[in-house]
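Structure record follows, encoded as structure tokens.
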Amino acid sequence: MKFFNFHLMPYAHADLEAIAQNGSAWVTFSNSHYDPEKGAELYHDYLEQMEFADQLGFDGVCLNEHHQTAYGMMPIPAVIAGALARNVKRAKIAVLGRALPLVNNPLTIAEEYAMLDNITRGRLIAGFVRGIGAEYHASGANPAYSQERFAEAHDLIVRAWSEPGPFAYAGKHYQFRYVNPWPRPYQKPHPPIWIPSQGSASTVRWAARRHYTYCQTLSPIATVAQFFRLYRDEAEKAGYEASSDQLAWSNTIYVGETDKKAVREATPHLEALVNYFLKMPTEMLLPPGYTDAASMKRVRAAKVTGKTQSLQELMASGVVIVGGPETVREKLAEYQDLAGFNTSLTKAQFGTLPNEMARANMTAIAEEILPHFREREPRPAPKAAAE
Amino acid sequence: MAADNSTSPITVRGCRIRLMRGGAGDPLLFLHGASGASWLPFLQALAKRFNVIAPEHPGFGESDTPDWLDSVHDLAYFYLDLIEQLDLERVHLVGSSLGGWVAAELAVRSTQRIASLTLAGAAGLFVPGVEQMDPFLRSEEQRLRDLFYDRKKADEFVTRATHADYEETALKNHTTAAKLAWQPRSHDPHLHKWLHRINVPTLLVWGDNDRMFPKDHALTYARFIPDAQVVIVPACGHVPHIEQPAAFVAAIENFIGARPQAKKTA
């Protein structure tokens with residue numbers, strides 16, 4: 001299995017009570033709560049953590065994009081990727097991803113990814129996402145056109161990377177007299193494309209058909225397994241067998257000395273992540289048109305956005321793995337076999353977890369977990385004959 | 001005479017929509033707001049004097065969602081087509097909120113078949129410094145309550161409109177509303193440049209306590225539309241036709257009755 005160190009870069013000094021009072025850490029949570037001096041410290045801590053991940057032997061570091069929120073301080077992930085490009089010497093740099101529909105000029109994304117791919121001499125992984133609902137409030141992009149714009153921007157970027165320019169492009173949402181971005185990507189024909197999603201059948205289908213690596217974010221392991229199975233089925237329909245390397249599970253792992261100590265240490269910081277940083281009203285998460293009516297009704301009925309979750313619940317449903325080294329190894333092996341993935345995108349820092357604890361966790365993951373999984377591939381339970 | 005109403009579909013250039021009609025007299029075309037179309041008491045009252053035509057917009061309720069529907073401009077052209085197809089002359093055009101914006105865009109394009117224009121709590125303009133509720137960050141129930149000044153009237157409306165049967169329609173309506181009004185938020189930055197073209201008598205009916213498009217929006221419309229008349233309805237929110245139907249109907253009847261039916265000369 002491959003291990004990537006996934007960083008959200010939360011503003012860990014956020015006043016959790018103020019977030020609770022506002023109802024969310026997103027869009028309407030005033031930036032007057034941001035202290036630039038503390039923020040600057042965090043940027044440096046987090047950049048150093050990702051450089052440390054490279055030194056510890058992680059296969060890659062992952063960044064992502066969120067706007068107008070204390071949840072993550074990476075509205076422009078390319079700034080962070082650029083800051084890491086020369087000090088992360090060996091690991092891949094995965095931007096998971098850029099939210100295509102939010103921009104009015106997708107060629108800027110083709111350009112920034114191509115620059116990063118050149119500077120890292122081909123170590124870039126190019127993630128494409130639609131962005132969660134809150135981004136549509138923050139950017140003004142119309143959620144009712146999210147899917148159309150994603151598809152169109154994707155096609156344009158891939159063409160801009162693979163066809164010699166200049167050429168003219170006229171779509172519904174984007175029009176260019178000249179498409180001719182310099183530089184061209186370092187990797188041929190272009191950097192690997194990864195598609196992170198919270199789980200939408202149409203996205204899984206779309207990614208499988210194009211052989212793109214699919215990353216499942218923030219879900220119970222049973223749901224992860226379901227979407228990965230769908231991916232394999234869709235690949236089969238498209239005439240090929242999907243490899244486990246095309247399936248990446250985005251998780252949170254905390255390794256302590258013992259199970260008890262691990263749970264005690266991780267609890268406040270992980271609960272800060274899910275119950276404060278991540279919380280938002282349904283209207284913010286699912287603006288109209290962002291998803292089809294059936295999914296909208298399902299999410300509303302489940303009332304998922306308002307729920308407070310304890311670490312015990314997150315562990316029980318397999319959203320996170322927290323424990324002593326032995327427990328973490330057991331759980332990870334169990335989940336790998338259950339869902340059939342061969343890439344783990346692991347948050348070692350989360351919520352309010354302080355620098356020293358995050359680094360200790362990274363070290364523990366690198367020393368106690370990584371070596372046991374290096375050569376390990378998913379071992380699916382034998383299929384029941386009737387299925 | 002009790003004015004009855006009937007509902008039947010109509011297809012305009014391949015787009016099938018639901019059309020409610022009632023009464024007899026001069027044609028009055030009512031364009032509904034983002035919360036949807038229904039035959040409300042004020043339409044029943046207007047039907048005593050007018051041939052009331054109340055379509056459900058493309059993209060709303062039972063009407064088709066055509067591929068070409070991307071902006072309020074598309075709806076304005078669609079209704080010009082509908083007026084031509086029904087061969088309506090001297091239409092009293094009335095629009096509320098989103099429908100008011102459509103009506104203004106329509107009138108800017110052509111008043112050839114329009115006798116008068118009434119905008120109620122109309123969207124369409126941006127007024128600097130005026131606070132507006134953001135319907136897209138409100139739950140469905142909050143959104144309906146925001147329409148009203150009187151809490152009891154809001155309660156009644158919410159009870160009727162949040163019925164489970166209505167969920168599908170509400171989602172569809174809200175999605176189309178987002179398509180048309182998300183960005184720029186509920187306005188067209190170019191509309192004000194062309195409002196001077198509206199050369200028919202224009203009435204602006206606004207709730208004194210409108211929190212969605214406060215009455216400053218009425219005053220701004222009045223600045224750009226020549227000789228527009230403003231009526232502010234007291235103790236009333238964003239939907240005077242629903243919250244104060246008697247005052248709303250009276251305002252329209254006074255306005256149309258008092259006005260010479262001839263077009264103004266430009």
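Entry remark, segment A:53-71: residues being in contact (Cβ under 8 Å) with a residue 40 or more places away in the chain and under 21 Å from A:Ala248 (Cα atoms) number 12 in total. Residue count for segment A:140-166, restricted to those that are of a type in the set (D, E, K, R), farther than 15 Å from A:Pro189 by Cβ and not in a helix (DSSP H, G or I): 0.
Among the residues making up segment A:332-357, those that are in a helix (DSSP H, G or I) and touching a His at 6+ places or on another chain (Cβ under 9 Å) are A:Leu332, A:Ala333, A:Met357. Filtered by the rule that a residue be closer than 14 Å to B:Ala120 by Cβ and free of Cβ contacts under 8 Å to residues at least 40 places away in the same chain, segment B:226-245 gives B:Ala228, B:Gln229, B:Val230, B:Val231, B:Ile232, B:Val233, B:Gln244.
Checked against (1) at pLDDT 95 or above; (2) within 30 Å of A:Val328 (Cβ to Cβ); (3) part of a helix (DSSP H, G or I), A:Thr223 passes all but condition (1). Only residues that are assigned to a strand (DSSP E or B) and buried (at least 19 other Cβ atoms within 10 Å of the Cβ) were counted in segment B:21-40, giving 7. For segment B:155-187, a tally of residues being more than 14 Å from chain A (Cβ to nearest Cβ) and touching a residue at least 60 places away in the same chain (Cβ under 8 Å) returns 2. Only one entry of A:Glu163, A:Glu152, A:Glu148 meets the criterion of being in contact with a Lys or Arg (Cβ under 8 Å, 6 or more places away or on another chain), of a type in the set (D, E, K, R), modelled with pLDDT of 95 or more and surrounded by fewer than 19 Cβ atoms within 10 Å (Cβ to Cβ), and that entry is A:Glu148.
Output the residues belonging to segment B:40-84 that are touching a strand residue (DSSP E or B) at 6+ places or on another chain (Cβ under 8 Å) and hydroxyl-bearing (Ser, Thr, Tyr). Correct list: B:Ser63, B:Tyr79. Scanning segment A:134-159 for residues that are farther than 23 Å from A:Ile80 by Cβ and small (Gly, Ala, Ser) yields A:Gly140, A:Ala144, A:Ser146, A:Ala151.
The values are calculated or read from the model by the stated rules, or taken from the named source; none is laboratory data. Quick caveat: nothing in here was measured; it's all calculated off a predicted structure. Methodologically, a virtual Cβ is constructed for each residue, glycine included, from the backbone with ideal geometry; neighbour enumeration extends over all protein chains shown.
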